[in-house]
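Colleague: Starting off with a structure, shown below.
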Amino acid sequence: MTFRPRYTGLIDKYRDRLPVHDDTRIISLGEGNTPLIRLQNIPRELGKDVDIYVKYEGLNPTGSFKDRGMTMAVTKAVEAGSKAIICASTGNTSAAAAAYAARAGITAFVLIPDGKIAMGKMAQAMMYGAVTIQIKGNFDDGMQLVKEVAEHAPVTIVNSINPYRLQGQKTAAFEIIEELGHAPDYHCLPVGNAGNVTAHWIGYCEYSCSSGDHVTEACAYCGGKCKFAGGAITGKRPKMVGYQAAGSAPFMRGGPVKEPETVATAIRIGNPQSWDQAWKVQKESGGWFDECTDELILAAQKLLAEREGIFCEPASATSLAGAMRDIQSGKIPEGSSIVCTLTGNGLKDPDTAIKQSTSPVVSIDAELDAVKRAIFENTII
Ligand SMILES: *Cc1c(COP(=O)(O)O)cnc(C)c1O
């Protein structure tokens, strides 16, 4: 029997690639190290020779990839002596901020759009003890307010405009390369603020640099403050593909969308904070942006659950919805390896799931005959 050291989170694992010191107090909940699952049934049904993997970020401690960024952001906030953090959120950032603040023993203020976040996410912010501020406005209004209030109050912003967020999130790309042995041909992500697509690209760039762990272009993203410098990109990098919900697709409209609307509430964002970085990623990687209707998003969410046994939230399914369409059309050619990030856990939004499910639910008397009948009537031969 050999024992592996206990996994203690992504900062410990990638310490030499992250801006932390030896004596930095790490605020971690064991985030990262999420499964990369190879789809078996969906590619077969598509009738295409493709390798699709899903990176199941819903298995992070608070159920979304936001934990990767939040462990770094809160670690650095605490290191700088901050006693409070603040964020605007469509739900998952507030859940992560609240949890990591609780762990650190500091206060989290979270601004959320009134009535427009999934129930599970609301429960999380409340249970972790955040101060929840519901605004009569959307995420973009909340983001504007957070930026303004941070100039007047001693609070650290932990939205993805905080550069430490992207540093933490880049580790997802490291994990994928380590597991596959190389970068995939395509990496598909849902896009809201476009922080995550940017973070992944930073990760792929760092990992594919000739000098091992050095950054060249990626330095532009962290303002040149990154501790890695020199070296050239020689390793393989994927084409980065970002999908937005059709009702909130500013990248497709060429500018901010005033009243973003979509069932995928996590990406209900009309004014992405990482606008310039995202376009740079698209250009450098040779990828593209596109949009998916709510109908297509929900169909992909359901298909993934029914065919593969993987339950993600609606926004997360946008990556697979778009990828399947682009595989079908040949835009993503046969023979490709594709990673789709499943950004959040399906349990966060039970309302949407139950509303669209068509699986049989039968109510019967608690009697043997009734159970037999229910089984007989629902057996597919
Ligand atoms: C935050 C979030 C996104 C969008 O990520 P960005 O970095 O804002 O583009 C997508 N899906 C889920 C579930 C999220 O929580």
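The values are calculated or read from the model by the stated rules, or taken from the named source; none is laboratory data. Predicted model, so just to flag it, every value in this text is computed and none were measured. Quick reminder, even Gly has a Cβ in these numbers, built from the backbone with ideal geometry, and neighbours come from all protein chains shown.
Colleague: How many of the residues in the stretch 300-336 are more than 16 Å from the ligand (Cβ to nearest atom), closer than 25 Å to Val257 by Cα and crowded, with 17+ Cβ neighbours inside 10 Å?
Modeller: Number satisfying all stated conditions: 1.
Colleague: When the residues of the stretch 246-257 are filtered to those that are farther than 9 Å from Gly192 by Cα and in contact (Cβ under 8 Å) with a residue 40 or more places away in the chain, which remaining residue is surrounded by the fewest Cβ atoms within 10 Å (Cβ to Cβ)?
Modeller: If we take residues in the stretch 246-257 being farther than 9 Å from Gly192 by Cα and in contact (Cβ under 8 Å) with a residue 40 or more places away in the chain, then Pro256 is surrounded by the fewest Cβ atoms within 10 Å (Cβ to Cβ).
Colleague: Keeping to the stretch 35-59, report how many residues are outside any helix (DSSP H, G or I) and touching a residue at least 40 places away in the same chain (Cβ under 8 Å). Outline the logic, then answer.
Modeller: In the first step, residues of the stretch 35-59 are kept if they are outside any helix (DSSP H, G or I); the result is 35-40, 47-56.
Retained after the next criterion (residues that are touching a residue at least 40 places away in the same chain (Cβ under 8 Å)): 36-37, 39-40, 48-56.
Residues flagged as outside any helix (DSSP H, G or I) and touching a residue at least 40 places away in the same chain (Cβ under 8 Å) within the stretch 35-59 amount to 13.
Colleague: Quick check on the stretch 274-299: of everything there that is in a loop (DSSP other than H, G, I, E, B) and surrounded by fewer than 19 Cβ atoms within 10 Å (Cβ to Cβ), which residue is farthest from the ligand (Cβ to nearest atom)? Quick ask: steps written out before the conclusion?
Modeller: Taking the stretch 274-299 and keeping what is in a loop (DSSP other than H, G, I, E, B), we get 274, 286-287, 293.
Restricting the remaining residues to those that are surrounded by fewer than 19 Cβ atoms within 10 Å (Cβ to Cβ) gives 286, 293.
Values: Gly286: 19, Thr293: 17 Å.
Only one residue fits best here, namely Gly286.
Colleague: Okay, moving on. Would you check if Val78 is touching a residue at least 12 places away in the same chain (Cβ under 8 Å), surrounded by fewer than 24 Cβ atoms within 10 Å (Cβ to Cβ) and either in a helix (DSSP H, G or I) or near the ligand (Cβ under 9 Å from one of its atoms) (or both)?
Modeller: Against the criterion (touching a residue at least 12 places away in the same chain (Cβ under 8 Å), surrounded by fewer than 24 Cβ atoms within 10 Å (Cβ to Cβ) and either in a helix (DSSP H, G or I) or near the ligand (Cβ under 9 Å from one of its atoms) (or both)), Val78 qualifies.
Colleague: Just need a number here: residues in the stretch 98-123 that are out of contact with any Lys or Arg (no Cβ under 8 Å at 6 or more places or on another chain) and within 12 Å of the ligand (Cβ to nearest atom).
Modeller: Here the count works out to 1.
Colleague: If you don't mind, there's one more thing I want to ask. For the stretch 1-29, what are the residues that are assigned to a loop (DSSP other than H, G, I, E, B), loosely packed, with under 11 Cβ neighbours inside 10 Å and not basic (Lys, Arg)?
Modeller: The answer is Met1, Thr2, Phe3, Pro5, His21, Asp22, Asp23.
Colleague: Looking at the stretch 347-363, which of its residues are surrounded by 10 or more Cβ atoms within 10 Å (Cβ to Cβ), among the polar types (S, T, N, Q) and modelled with pLDDT under 95?
Modeller: Residues satisfying the conditions are Gln356, Ser357.
Colleague: Report whether or not Gly91 is within 12 Å of the ligand (Cβ to nearest atom), surrounded by fewer than 24 Cβ atoms within 10 Å (Cβ to Cβ) and touching a residue at least 60 places away in the same chain (Cβ under 8 Å).
Modeller: Answer is no for this residue.
Colleague: Condition first: touching a Gly at 6+ places or on another chain (Cβ under 8 Å) and within 10 Å of the ligand (Cβ to nearest atom). Can you find one or more residues in the stretch 205-212 that meet it?
Modeller: no
Colleague: Taking the stated definitions as given, is Leu342 out of contact with any Asp or Glu (no Cβ under 7 Å at 6 or more places or on another chain) and within 15 Å of the ligand (Cβ to nearest atom)?
Modeller: Spelling it out, it is not the case that Leu342 is out of contact with any Asp or Glu (no Cβ under 7 Å at 6 or more places or on another chain) and within 15 Å of the ligand (Cβ to nearest atom).
Colleague: Please state which of the following conditions Gly32 fails to meet, knowing it meets all the rest: (1) part of a helix (DSSP H, G or I); (2) closer than 30 Å to Leu303 by Cα.
Modeller: (1)
Colleague: Might you check whether a residue that is aromatic (Phe, Trp, Tyr), modelled with pLDDT of 95 or more and closer than 29 Å to Pro350 by Cα occurs anywhere in the stretch 299-314?
Modeller: Yes, there is a match, as at least one residue in the stretch 299-314 is aromatic (Phe, Trp, Tyr), modelled with pLDDT of 95 or more and closer than 29 Å to Pro350 by Cα.
Colleague: Condition first: touching a residue at least 24 places away in the same chain (Cβ under 8 Å) and part of a loop (DSSP other than H, G, I, E, B). Now tell me which residues in the stretch 131-152 satisfy that.
Modeller: Gly137, Asn138, Ala150
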